[in-house]
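Engineer: Below you'll find the structure I mean.
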Amino acid sequence: QVQLVESGGGLVQPGGSLRLSCAASGSLFSLYTMGWYRQAPGKQRDLVAVITNFGLIKYKDSVKGRFTISRDNAKNTVHLQMNSLKPEDTAVYYCNAKRNTLDYWGQGTQVTVSS
């Protein structure tokens, strides 16, 4: 069992930055593929960025060059550094952990980009 707790969301002006963090409890964190997803009102939940246990990284096209995902296996954490934020980045951001058939979600953190 893995529990995920996100933090770092909030209100930011366009062009600003936020750093999301996800703290994971449980064992074998380093074996999980960790991801950040987001869901805007009325839309489906979409992948934003993912980092595998081998350190391979993939980004949603619209965030490439602006967002950076990283993980610290010693601290059981994964981060999403978000720069040059746009109003269309507004959503609830969810942390996800996957390993084989195991699939865990955090409760989400709201990110609002508005002037």
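Engineer: Distance in nm between label sites at Gln3 and Gln110, each 7 Å beyond Cα in the beta-carbon direction?
Structural biologist: 2.4 nm
Engineer: Would you mind working out the accessible area per residue for the chain, using a 1.4 Å probe, and quoting it in Å²?
Structural biologist: Accessible area per residue, the chain: 53 Å².
Engineer: Per the 1.4 Å probe, what fraction of the accessible area of the chain, in percent, lies on carbon and sulfur atoms?
Structural biologist: Carbon and sulfur atoms account for 50 percent of the accessible area of the chain.
Engineer: Give the residue list of trypsin sites (Lys or Arg not before Pro) in segment 19-110 that are DSSP loop and have at most 16 other beta-carbon atoms within 10 angstrom.
Structural biologist: Passing both the DSSP loop test and the Cβ count: Lys43, Arg45, Lys60, Lys64, Arg66, Lys75.
The values are calculated or read from the model by the stated rules, or taken from the named source; none is laboratory data. What you are looking at is a predicted structure, and each value in this text was computed from that prediction instead of being measured. All Cβ positions, even for glycine, are placed from backbone atoms using ideal geometry, and neighbour counts span all protein chains on display. Accessible surface areas use protein heavy atoms only, side chains included; no ligands, DNA or RNA. Shrake-Rupley method; radii C 1.70, N 1.55, O 1.52, S 1.80 Å.
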